[in-house]
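Everything on this sheet refers to the single structure shown next.
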Amino acid sequence: MTDPRDADVLELKNLLTYRQFKTKATWQDSLGDYGDLNCLGSYTSLKDEGTFLKYFCRGANQNNDEFWLTLTRDSKDYDAGIGRTTYISGTGRYQKLKGLKCNYGVKILDNKNIGFVKQKCKFK
């Protein structure tokens, strides 16, 4: 999901691996919007406990409405996992989503070094 040149890695023998990185993804939500994400984040892989991720992202939809959010995930399967997004801020249709929490799934696309994120939100 990320170019190795954009990652800093710290390994502690066979106990853990910590990575900081830049990454890009495409996304689609439950309202039919789609677009790009640019993220900075980290993940920690602990032996026998799985991987814990936290990203800070800027996204834009097909109409250039922008949003900023966090993506968090605890998963033993790095290639496909389920996590939670939390909207921090936005423009256009995303202005009213501040604080909204949604579920997401991610799949790393084969041989493309990019992920695809699908999100589902429940609105009141």
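Some notes on this structure:
- Amide hydrogen neighbours beyond the local backbone of Leu100, cut-off 5 Å, H modeled: Tyr87
- The label-point distance for Asp8 and Phe123, in a model that sets each label 7 Å from Cα toward Cβ, rounds to 4.0 nm.
- The modelled label-to-label distance between Leu31 and Lys96, using points 7 Å beyond Cα along the C-beta direction, is 0.8 nm.
- In segment 4-120, Cα pairs under 8 Å separated by at least six residues give a relative contact order of 19 percent.
- Computed from label points 7 Å out along Cα-Cβ, the spacing between Asp74 and Ser42 is 1.8 nm.
- Counting neighbouring Cβ atoms within 10 Å and putting the fewest first, the residues Cys57, Cys102 line up as Cys102, Cys57.
- When the trypsin sites (Lys or Arg not before Pro) in segment 17-53 are filtered for DSSP coil states and for at most 13 other beta-carbon atoms within 10 Å of their beta-carbon, the remaining sites are Lys47.
- Near Ser89, once Lys and Arg are set to +1 and Asp and Glu to -1 for all other residues with Cβ below 15 Å from its Cβ, the sum equals +3.
No value in this document is a laboratory result; all are computed from the given coordinates. This structure is a prediction, so every number in the text was calculated from the model and none was measured. Positions of Cβ are generated from backbone atoms using ideal geometry, with glycine treated the same way; all protein chains shown enter the neighbour counts.
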